[in-house]
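A.B. asks: What follows is a single structure, and I will ask about it in a moment.
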Amino acid sequence: MAQQDIHFGQYGGQFVPEALMPELLKLNEAFQACKTDENFQKEFHRLLNDYAGRPSLLYYARRMTEDIGGAKIYLKREDLNHTGAHKINNVIGQALLAKQLGKTRLIAETGAGQHGVATATIAALFGMKCEIFMGKEDTERQKLNVFRMELLGAKVVPVTDGQGLLKDAVNAALADWSQHTQDTFYVIGSAVGPAPYPAMVHEFQSVISTESKEQILKAEGRLPDAIVACCGGGSNAIGSFAAYLDDPEVKLYGAEASGQGLASGKTAATLELGSDGIFHGMASKFLQDKDGQIAKVYSISAGLDYPGIGPEHAALQASGRATYVGITDEEAVQAFEYIAQKEGIIAAIESSHAVAYTRKLAKTMSPDQIIICTLSGRGDKDVAQVADYRGVNLND
Ligand SMILES: *Cc1c(COP(=O)(O)O)cnc(C)c1O
């Protein structure tokens, strides 16, 4: 395999059962080929444009900018994509590869259900079988998303092993894949997992920054000074950074969820508090307890409470190319309310972590500087939870 797509500095790699190695090799061959395969690229971009609704807007947030009084703020509107987030970009790419490899069944793991819904959506579009592994506890907390996946024709498998959480669903999906490699493709939802998944997700999500670069050059005639994106596993962030990685004058910021605070024990701030480890087929940074077990993570945002981080982000932090900062639940909820009131946009609670950091950063910059903040998704799904957080009872 091309070495650059396996390791990111000291992170990445392929830590999977023997049975999956030939699959990863075949997958990597198909992935490397698809980058320059005209037919693949044509079909990928046709679906991104005609089905997902790309290119997404780069919107100048005038009211936010004037209110804060610092850098000019632009929003990259991934919330406007079909299914309401950036996840669809990656799932379209991976499902096309699955088709090329002759697979007829897609499997995925999901925590909150958003990646499961995106996978079920594309399985329906491609007429493929679909099975989604979800921790038992998560299926009970996310009944609406379970029903949504079933509506789209997918089968949702509640995982009772371990604690019945996302990490257990990951293990169940890997186990299913190793038993059904003939017909099955494992769709991973973030820039995580064994190689070549992190590189593949980077490639398919890089459309975010390829577009934003072209859009900002058209609007302002120059590159932005900073990019801000939220980080769960890191897919919208790596997609937002990708086209600027070789432009050192563009600073890159990832906003991770510090939950109730870095010292509270109820956090998902992997890059600030995590340590090196191996899980989900990769070497990266993880939140672990003192016995090296994957810790139970917490954030108000279901999309950000992954106990690890994509290996490329661990490497970007180690090299100093990107900076990762924690945003608390309270700061995220305040940003959720702020952008609704200032711009008329209800952003996902995940994305609101990026908005919260953008507010802090813009203040320290001057009006002739530019920030692009990625809105990874829309926030309709989060309205009830924010009401609950604010003590508003919607059932009265
Ligand atoms: C899933 C999700 C995230 C977190 O995933 P990344 O891989 O870190 O991008 C962020 N925002 C939204 C809206 C999501 O659905």
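A.B. asks: Could you check, for the range 51-62, whether at least one of its residues is farther than 20 Å from Lys218 by Cα, in contact with a helix residue (DSSP H, G or I) (Cβ under 7 Å, 6 or more places away or on another chain) and either within 16 Å of the ligand (Cβ to nearest atom) or among the β-branched types (Val, Ile, Thr) (or both)? Explain how you work it out, then say what you get.
C.D. replies: Our first condition is that a residue be farther than 20 Å from Lys218 by Cα; within the range 51-62, this holds for 51-53.
From what is left, the residues that are in contact with a helix residue (DSSP H, G or I) (Cβ under 7 Å, 6 or more places away or on another chain) are 51-53.
Right, trim to either within 16 Å of the ligand (Cβ to nearest atom) or among the β-branched types (Val, Ile, Thr) (or both) and you get 52-53.
The answer is yes; a qualifying residue exists.
A.B. asks: Of the residues in the range 81-107, how many are aliphatic (A, V, I, L, M), within 12 Å of the ligand (Cβ to nearest atom) and either touching a His at 6+ places or on another chain (Cβ under 7 Å) or part of a helix (DSSP H, G or I) (or both)?
C.D. replies: Counting residues in the range 81-107 that are aliphatic (A, V, I, L, M), within 12 Å of the ligand (Cβ to nearest atom) and either touching a His at 6+ places or on another chain (Cβ under 7 Å) or part of a helix (DSSP H, G or I) (or both) gives 2.
A.B. asks: Evaluate the range 212-223: report whether one residue or more is among the acidic types (Asp, Glu), in contact with a strand residue (DSSP E or B) (Cβ under 8 Å, 6 or more places away or on another chain), over 30 Å from Tyr59 (Cβ atoms) and at pLDDT 95 or above. Walk me through it before giving the result.
C.D. replies: In the first step, residues of the range 212-223 are kept if they are among the acidic types (Asp, Glu); the result is 214, 220.
From what's left, in contact with a strand residue (DSSP E or B) (Cβ under 8 Å, 6 or more places away or on another chain): 220.
Cutting the leftovers down to over 30 Å from Tyr59 (Cβ atoms) gives us none.
No, the conditions are met nowhere in the range 212-223.
A.B. asks: Does Ala173 fit the bill of being assigned to a loop (DSSP other than H, G, I, E, B), farther than 19 Å from Thr323 by Cα and not acidic (Asp, Glu)?
C.D. replies: no
A.B. asks: Could you please find all residues in the range 376-396 being of a type outside the set (D, E, K, R), outside any loop (DSSP other than H, G, I, E, B) and in contact (Cβ under 8 Å) with a residue 60 or more places away in the chain?
C.D. replies: Selection gives Gly377, Gln385, Tyr389.
A.B. asks: Anything in the range 347-375 that is in a loop (DSSP other than H, G, I, E, B) and under 20 Å from the mean Cα position of the chain (by Cα)? List them, or say none.
C.D. replies: Ala348
A.B. asks: Filter the range 118-141 down to residues that are touching a strand residue (DSSP E or B) at 6+ places or on another chain (Cβ under 8 Å) and aliphatic (A, V, I, L, M) and give me whichever is farthest from the ligand (Cβ to nearest atom).
C.D. replies: Met128
A.B. asks: Just to be sure I understand, how many residues within the range 249-277 are within 15 Å of Thr323 (Cβ to Cβ), more than 16 Å from the ligand (Cβ to nearest atom) and in contact (Cβ under 8 Å) with a residue 40 or more places away in the chain?
C.D. replies: So the answer is 1.
A.B. asks: Sort out which residues of the range 52-88 are surrounded by fewer than 21 Cβ atoms within 10 Å (Cβ to Cβ) and aromatic (Phe, Trp, Tyr), and write them in order of number.
C.D. replies: Tyr59, Tyr60, listed by residue number.
A.B. asks: Shifting gears a bit: Six or more apart or on different chains, Cβ under 8 Å: which pairs go from a residue in the range 4-32 that's closer than 22 Å to Asp176 by Cα to one that's assigned to a helix (DSSP H, G or I) and among the aromatic types (Phe, Trp, Tyr)? Could you list them?
C.D. replies: Leu20/Trp177; Glu23/Trp177
The values are calculated or read from the model by the stated rules, or taken from the named source; none is laboratory data. Given the structure is predicted, the values throughout are model-derived calculations rather than measurements. Positions of Cβ are generated from backbone atoms using ideal geometry, with glycine treated the same way; all protein chains shown enter the neighbour counts.
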